[in-house]
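Below is one structure; the comments refer to it alone.
What follows draws every value from the coordinates through simple rules; no lab data is involved. Note that the structure is predicted; figures quoted are calculated from it, not measured. Cβ coordinates were reconstructed from backbone atoms using ideal geometry, including for glycine residues, and neighbour counts include every protein chain displayed.
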Amino acid sequence: MGLTFKELVSEFISGASSGVSGGQANLKISESKLIHYETIIAERYNDKFIVNVTYYSIETGRLQKIILDLIPGNLLVKVKGIPQGYMDSLIPKIET
């Protein structure tokens, strides 16, 4: 049996650089990125986590809630307005 979203998110937070969840690997870790379907949802950045909070679907919203619940607020950087299918780094999307 594969990992649940929560288990995979926990592995991502712990520093894992690969892993998959879901019957069709619809959530995966690729290096420093957490990708849901074909859109980056979170990225490790130095000692923080950039989280894409753009709304796409109910399923993605549930995943985003899991991520936000598991990462301490002082380590979170939220970004939004990310187009569906975006796979590049979220670092340039941080508002300074």
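Points worth noting:
- Calculated FRET value between E31 and Y55, using beta carbons and R₀ = 30 Å, to 0.05: 0.75
- For the chain, relative contact order (Cα pairs under 8 Å, six or more residues apart, normalised by length) works out to 23 percent.
- Rg to Rh, two decimals, where the chain supplies the alpha carbon set and Rh follows Kirkwood: 0.92
- Remark: the L70-E95 segment gains 6.7 nm on full extension, using 0.36 nm per residue and subtracting the alpha carbon distance.
- Between S17, V77, L27, the Cα set farthest toward the positive side of the dipole of region 5-93 (charges on each charged residue's Cβ, about the Cα centre) is that of V77.
- Which of Y37, I66, V53, positive extreme of dipole for region 5-93 (C-beta unit charges): V53
- Relative exposure of V9, V79, V20, judged by other C-beta atoms within 10 Å (fewest first): V20, V79, V9
- A Cβ-based charge dipole, computed about the Cα centre of the chain with Lys and Arg at +1 and Asp and Glu at -1, lands at about 180 debye.
- Theoretical ellipticity at 222 nm over the chain - DSSP helices of four or more residues, -39500 (n - 2.57) apiece, nearest 500: -7000 deg cm²/dmol
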